[in-house]
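The block underneath contains the structure these notes are about, expressed in structure tokens.
Read the figures in this text as sums done on the coordinates, not as results from a lab. Just so we're clear, the structure is a prediction, and the values are computed from it rather than from any experiment. Glycine gets a Cβ as well: all are built from the backbone with ideal geometry, and neighbour counts include every protein chain shown.
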Amino acid sequence: MSQEPLTEETKRAAAMAATVSVEDLLDLAAPQHGYAQRIEQGGFFEVMPGFFHSARRETTSYILRRHDLFSNAAPLDLGNVRPLIPLNVDPPQHTKYRKILDPLFAPRRMDAIEDDLSERANRFIDGFIGRRECNFSKEYAEVFPASVFLGLFGLPWEELDSILEMRDGIMRPGAADDAVELDPDKRLAIQRQTGARIYDYFDEILEDRSARPQADMLTGFLTTEIDGERLSREEILDICFLFVMAGLDTVSDTLSCFYAFLARHPDHQRQIVANPAVIPGAVEEMLRWESPVPSGAPRIATEDTLVQDHRVPAGAIVQVSYGAANVDPSVFDDPFDVRFDRDANNHIAFGAGVHRCLGRHLARRELRVTLREWHRRIPDYGLKPGCEDLVYPPGLRSVKDLMLVW
């Protein structure tokens, strides 16, 4: 018996009836097929009452660009006592902050620190290259971005452990203790203790920079002004808090995802070794494919609105999936092919709209430098035998204890 073609009304009804669970959203080991399935099912879901999830690129872009309808000022209690700047503020305040901060992260500023990044990358590679193996997650991915942070803020190498401890206290408060990991109250207590430490730590450094300015970013925060207006001390502390939380961890996670992919795809390794000119394209393609920040910060609907025929009430939380949008076949030809020569790679791994990632130029530079220096010195590597089953913890996409050999 032949089947009647589905009407548009029937398709919409089927899409609205499709479901996505919280467990689906937390499955990050190989999420791309799940992303594609959500797009095929319609791309917009009410996961639970008052919590919506967007997978389609068109819908996600609409939500990200309509900050008037979907506010980024959703409260995040991660040990902070005020909104994180500029993440948790909307225009017009957000516009003021970006006018001050964007020039500090402009591409020409990244050009100026290229040699420093290379030196830092090689310092870590020096530490393990002779062993012919490393725990890439711990010995490079977690420490390299933190060391870059030291350079930007004019801090000595001796402060690396302190920066890592503060980052872990916010992003991984239960990493060393399963009892803490499974107890939200204990996690939050550690985050709040760490948050207080972050505020005190940077307040003391800012006090010193006020008296003795240096050629670093903290001094830039203190002295840069737009239309005669400077950042307040509290505003700078809120920016520093965000940097410790997002500026370090996201690049660490991205590096571990990149090298997990490359370790399992030696043909892609060889492309980089044979022609380092492909590195910028390789970075963009692996950002698209891996999407280490799988979802954007939660948005709050500011009024009742319709999204793909779903009624989204005022006050509802809307989560957008960068990862799903980056494999949407309406945007990318052959989205499941990882091609370093892909043209017009307009992924949204760094978000979109006014809240597009402030540090994207820095992140790209760190990733490019790593790929260049690593493949120059370690051109052939893979997963250590016995360590092929990779663990992707919940949260941002990252690989725990990525063991590499060469």
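Summary of computed values
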read-out	value
The chain, dipole about Cα centre (Lys/Arg Cβ +1, Asp/Glu Cβ -1), debye to the nearest 20	640
Amide H contacts under 5 Å for Val307, placed H, 5+ residues apart	Val312
FRET efficiency, Asp102 to Ala179 (Cβ-Cβ, R0 41 Å, nearest 0.05)	0.45
Region 31-42 - phi-based ³J(HN,Hα) in whole Hz, Karplus 6.51/-1.76/1.60, Gly and Pro as x	x, 4, 5, x, 4, 4, 5, 5, 5, 5, 7, x
19 Å cut-off, amide nitrogen to a point 7 angstrom out along Arg311 Cα→Cβ, residues in region 22-57	44-53
Options (i) 182; (ii) 146; (iii) 167 - which one matches volume of the Cα convex hull per residue in Å³ as calculated here	(iii)
Euclidean distance between Cα centres, region 228-291 to region 25-70, Å	22
Unit charges at the beta carbon, dipole of region 190-231: most positive-side option, Gly220, Ile198, Ser210	Ile198
Spin-label model distance (nm) - Asp401 vs Glu229, 7 Å beyond Cα toward Cβ	5.0
Difference of contour (0.36 nm per residue) and Cα-Cα distance, Glu165 to Arg65	32.5 nm
Built amide H within the under 5 Å cut-off of Val47, gap 5+	Phe52, His53
Residue-averaged [θ]222 nm for the chain, counting only DSSP H segments that reach four residues, each worth -39500 (n - 2.57)	-14500 deg cm²/dmol
Farthest positive-ward along region 314-394 dipole, Cα basis, beta-carbon charges - from Phe332, Leu367, Cys387	Leu367
Extension gain, Arg131 back to Ala196 (0.36 nm per residue minus Cα-Cα distance, nm)	19.5 nm
